[in-house]
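Written out below as structure tokens is the structure these notes cover.
Since every read-out is calculated from the coordinates, none of them should be taken as a lab result. On a predicted model such as this, the values are computed, not experimentally measured, just so you know. Positions of Cβ are backbone-derived with ideal geometry, glycine not excepted, and every protein chain shown enters the neighbour counts.
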Amino acid sequence: MDFTLPLIVATVALFSVLLSSSAKDSNSFFKGVSATGRPPGLITLTLSQVTTWIFARSLMNAAILGYYYGIWGTLAYAAYYLSFLTGGKIIDHLRFNRGYDSVQAFLLDRFGQVGSTCYNFVVGLRLISEVFANLLVIGILFGVAGSQAYTLAVIGLALVTLTYSMIGGLHASLRTDLLQMLLFIAVLLVLVLSAIGSGHLTLAALNFKPFDITSPGPILLIVALLQIWSYPMHDPVMMDRGFLADRDTTRRSFLHAAWISMLCILLFGGLGVMAGAHGSSGENMHQVLSRLLGELPMLLFSAALVISAMSTLDSTLASASRLVVVNMGMLPASLHNGRMIMALFMLLGLVLLFTGNQDLFSAVAVSGTASLYLAPVVFFSLWGGREQIPLWSYLGAFLLAVAGAALYFTESAGHSQWLGELHKYTKLLYISITVLAIGCLLFWVGDALSSRRRTPLASTV
């Protein structure tokens with residue numbers, strides 16, 4: 001069975017390359033339209049949304065959180081997928097109510113070049129972290145970090161994914177997402193049926209960690225419910241797919257993506273919960289699942305992670321090229337420039353992988369905390385229609401969120417103990433509440449001061 005997983009990877013990669021018809025123009029490469037100029041339909045857009053958010057890191061995180069913290073850990077991670085509902089509402093206001101063609105255009109109009117630059121900084125870091133995290137999962141599946149098998153697997157998948165991504169851009173990503181999502185659903189169903197058939201996936205097993213509001217699982221659930229208001233806006237892959245189809249298709253794709261992705265995360269995370277309920281001292285999750293399910297289901301477990309990693313990587317690269325070339329306008333919108341940016345982001349992800357932190361959830365938590373500066377933007381500037389929020393309010397919220405993200409990173413990695421001996425998720429909760437509350441306060445004060453300055457002028461007219 002040693003060569004079975006590489007064979008599965010090679011087969012999926014081959015079909016992905018065959019599906020990736022070469023982009024003929026920038027509309028196909030950057031905007032995802034077909035050769036005849038048609039935008040993606042509901043099924044394609046929905047499944048593309050789902051598969052690009054159910055990436056390998058997410059599946060692994062959902063299972064690991066379930067393993068350590070029971071069903072509440074998996075529920076906490078699934079709660080992040082409520083971002084599809086808040087993200088759909090953000091897109092609807094941004095694009096159809098206010099007429100903007102990107103998040104950058106909105107921020108540029110409200111807060112000038114500084115506002116757009118701050119956003120691009122956060123988004124760029126997220127894209128690089130997505131490349132890093134999904135390649136990391138692939139490496140772990142094939143060997144110990146630093147081993148030859150680990151290195152070859154990472155570089156091999158990186159080259160394959162980069163190749164077919166460069167062929168067709170966003171249009172190729174949409175086509176391959178459809179194939180990869182259908183494969184993933186089939187594999188997930190077989191895995192769940194195997195778990196049920198083994199007799200180990202029971203209600204008692206799912207409840208092996210009872211609810212306790214002070215335990216890490218429920219605390220992380222609260223964190224997720226705080227971060228979903230801003231998390232989707234800083235995710236360029238989700239935002240990009242909100243600008244491809246008509247209003248009705250876009251609305252329905254976000255709605256269906258929410259329940260489908262949450263169901264998939266809960267089912268896959270349930271495997272981790274099952275392993276946690278039956279684990280013995282000294283065993284890790286993979287060892288427990290191998291003991292409970294056997295060799296073939298675990299091969300499918302690994303295959304599901306590989307397929308989801310490929311689907312996310314191609315979408316991440318497509319969003320990176322769109323970010324730099326279209327949204328930031330740093331280079332002319334040519335196929336050559338788009339492909340060059342894809343290669344650059346893949347290289348940066350590889351550099352981070354071989355030199356950086358390898359805690360999978362840290363990337364999610366740090367990214368989600370940094371994104372919290374966008375929550376007051378959504379509440380006040382987008383949904384609230386407040387057009388006179390001063391730049392200092394925006395910059396204050398941004399700097400606070402970045403500082404909060406940096407603090408969580410150092411605390412969770414053990415580099416500092418400024419917040420004491422609390423569990424890292426409790427620290428994350430306190431940081432998130434502080435960043436969100438003070439950010440909203442800065443916007444409220446800024447709006448109030450701007451309103452006061454306008455009132456005397458209005459009364460003299």
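Ignoring lysines fewer than eight residues from LYS424 along the same chain, the ones with Cα atoms less than 28 angstrom from its Cα are LYS209.
Taking the Cα centre of segment 202-330 as origin, sum charge times position over the Cβ atoms of Lys and Arg (+1) and Asp and Glu (-1), and report the length of that vector in debye to the nearest 20. It would help to have the intermediate numbers written out before the result.
Details: 7 positive and 8 negative charges, 38 e Å.
Its charge dipole is roughly 180 debye.
Principal-axis analysis of the Cα atoms of the chain puts helix 424-460 at an angle of about 20° to the longest axis. Seen from all directions on average, segment 385-457 presents a Cα convex hull projection of 5.5 nm². Against the chain, whose longest principal axis is taken from its Cα atoms, helix 247-278 shows a tilt of about 40°. Oblate is the label for the chain, because the ratio a/c of its alpha-carbon gyration tensor axes (a ≥ b ≥ c) is 1.5 or higher and a/b is not greater than b/c. The chymotrypsin sites (Phe, Trp or Tyr not before Pro) found in segment 117-200 include none that occupy coil by DSSP while having at most 14 further C-beta atoms within 10 Å.
Note on segment 83-114 and segment 37-53: Cα centroid distance 20 Å, given to the nearest whole angstrom.
Here LYS89 is the anchor, and the aspartates and glutamates within straight C-alpha reach of less than 18 Å, apart from those fewer than 8 places off in the same chain, are ASP101, ASP235, ASP240, ASP246, ASP248. Against the main long axis of the alpha-carbon atoms of the chain, helix 335-355 sits at an angle near 60°. Among 274-286, 241-253, sorting by the average number of other beta carbon atoms lying within 10 angstrom of each residue, highest first, gives 241-253, 274-286.
Each of the peptides 326-339, 202-215, 432-445 was scored by the mean count of other Cβ atoms within 10 Å over its residues; in descending order, highest first, they stand as 432-445, 326-339, 202-215. Rounded, prolate or oblate: which one fits segment 146-193, using the alpha carbon gyration tensor with axes a ≥ b ≥ c (rounded when a/c is under 1.5, else prolate when a/b beats b/c, else oblate)? Oblate, because a/c is 1.5 or more while a/b does not exceed b/c. Dipole orientation for the chain: of the candidates TYR77, GLY217, LEU441, LEU441 has the Cα lying most toward the positive pole (charges on Cβ; Lys, Arg +1; Asp, Glu -1).
Counting only C-alpha contacts under 8 Å and six or more residues apart, can you give the relative contact order of the chain as a whole percent?
Details: 708 pairs, mean separation 132.6, N = 461.
29 percent.
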